[in-house]
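Input: a single structure, listed below in structure tokens.
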Amino acid sequence: MNFAPSVYEHAARIVGRAPWAVSRSAELLFEAHAAAFRLYGHAPVVVGIDIYNLEAEAYGAVVEEPAGNGIPAISQPICSSVADVPNLGHFDPTRDGRIPMAIETARRLAGRFPDADVRVPVSGPFSIASNLLGFETLLCEALTEPHATRGALDHLVTGQLAFCAEIVRRGLDIAFFESAAAPPLISPQVFRAVELPPLQTMIREAATVVGHAVPCIIGGDTTPILDAILATGTGYVICPAETDQAAFMRKMAAHPDVMVRINTRPEVLVSGNAAAVRAELDRLLALAMCREKVCVGTGALPYETDPAVVLQARDYVRDAA
């Protein structure tokens, strides 16, 4: 069985640099993800550090340098309401923000490691909107102005599909992320009424662009919305550590053709406690054994995770299969 760690800011740790420095340098971004792949041999290789900031920054938001080894974040919203979002011109993926750097770095990695599954991160509309507006404003307007919020998300989907087309034009593939749209951040009712229709459009149209079913990575307590996620036509989901993983996997039994990654709890790997890591992996392996299309993995590996612990987890999962 494969072990699939999610390596974003953790790549900076491997080359001994701060996430901010790596996120701002094409050369460091390449070196960090190349070093991570040499070390872990993981799939997919998602080229980024602060992956949810790329599109909002390309729209004009400012990403703030954090202290120490913190993760860069948007400093303040650039839209005051969802009504402002459709007035934003769509960014140009060939020139705006760090998106060209992400695409070019992915091309370099794919050229250096032809056997690697290299992907460019693409955010979902709700996640982008949360950065453009601030999450509290977006959540309030999703409740009070659902039609306008849907319109804002639809506008962002149009821009994301152009982004996907540019990625494919450059000979690359995408990894799709939408974790701002998960319970308990939003209710299952809001997810289905406001987020799901734009998300379905995004996933289905992106699949047409790239030529295959698109992964839909949503963290949080997703068991209550799993049916809606699967209704998008995605071919890959995660079973997050934040949800009832046993219930999630029971629901997935009706969908044997969808790949599932069951995530470890991040604090277990960070702790470095060998017995706790083995116990956590045994728990997940027991959930995984009922399924053919499955792997064990992680959410975003924290920067401070000891690479030796990740390697031990990888070897343990491979040996147990």
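Here, each number is a calculation from the coordinates, and none is a lab measurement. Keep in mind the model is a prediction, meaning the values are calculated, not measured. Methodologically, a virtual Cβ is constructed for each residue, glycine included, from the backbone with ideal geometry; neighbour enumeration extends over all protein chains shown.
How do 59-67, 79-87 rank on mean C-beta neighbours within 10 Å, highest first?
Ranking the peptides 59-67, 79-87 by packing returns 79-87, 59-67.
Distance from a point 7 Å along Cα→Cβ of Gln76 to each backbone N in region 13-53: keep the residues under 20 Å and list them by number.
Within reach of a label on Gln76: 53.
I need two numbers for region 137-269: Rg to one decimal and Dmax as a whole number, Cα atoms only, in Å.
Cα radius of gyration and Dmax of region 137-269 are 15.1, 42 Å respectively.
Please state the charge dipole magnitude for the chain, taken about the Cα centre, from unit charges on C-beta atoms (+1 on K and R, -1 on D and E), reported in debye and rounded to the nearest 20. List each step's numbers first, then the result.
Details: 25 positive and 36 negative charges, 176 e Å.
For this selection, approximately 840 debye.
Among Glu280, Glu166, rank each residue by its count of other Cβ atoms within 10 Å, from fewest to most, as a rough exposure measure.
Glu166, Glu280
Report the local net charge at Pro240: Lys and Arg +1, Asp and Glu -1, summed over other residues whose C-beta lies under 13 Å from its C-beta.
Net charge in that neighbourhood comes out at -2.
Treating only the Cα positions of the chain as identical point scatterers, give the base-10 log of I(q)/I(0) from the Debye formula at each q in 0.10, 0.13 Å⁻¹.
Debye intensities relative to I(0), on a log10 scale: -0.54, -0.95.
Just to be sure I understand the model, the point goes 7 Å from the Cα along the line to the Cβ. What's the resulting Glu145 to Thr208 distance in nm?
Between Glu145 and Thr208, the label points sit 2.9 nm apart.
Taking neighbour Cβ counts within 10 Å as the exposure measure, how do Leu109, Leu185, Leu133 sort from fewest upward?
Ranked by crowding around the Cβ, least crowded first: Leu185, Leu109, Leu133.
Would you give the gap between the C-alpha center of region 16-41 and the C-alpha center of region 223-283, rounded to a whole Å?
Value for the Cα centre distance between the two parts: 27 Å.
Where in region 108-126 does the amide nitrogen come within less than 17 Å of the point 7 Å from the Cα of Thr158, taken along Cα to Cβ?
125-126
Taking the dipole about the Cα centre of region 172-282, with the C-beta of Lys and Arg at +1 and of Asp and Glu at -1, give me whichever of Pro188, Val268, Ala247 is farthest to the positive side.
Sorting the options by dipole projection puts first Ala247.
So how far apart, in nm, are the two label points at Glu65 and Asp221 if each is 7 Å from Cα heading toward Cβ?
Placing both labels 7 Å beyond Cα along the Cβ direction yields 3.9 nm.
What net charge do the residues around Leu143 carry, taking every other residue with its C-beta under 14 Å from that of Leu143, with Lys and Arg at +1 and Asp and Glu at -1?
Charge balance in the 14 Å sphere: -2.
Sort Ile128, Ile74 by Cβ crowding within 10 Å, fewest neighbours at the top. Mind showing how you got there, number by number?
Working: Ile128 28, Ile74 19.
Result, fewest neighbours first: Ile74, Ile128.
Assigning unit charges at the beta carbon (Lys, Arg +1; Asp, Glu -1) and nothing else, what dipole magnitude in debye, to the nearest 20, does region 1-103 show about its Cα centre?
So the dipole magnitude of region 1-103 works out to roughly 380 debye.
If I take every Cα pair under 8 Å that is 6 or more residues apart in region 3-320, average their sequence separation and divide by the length, what percent do I get for the relative contact order?
That works out to 18 percent.
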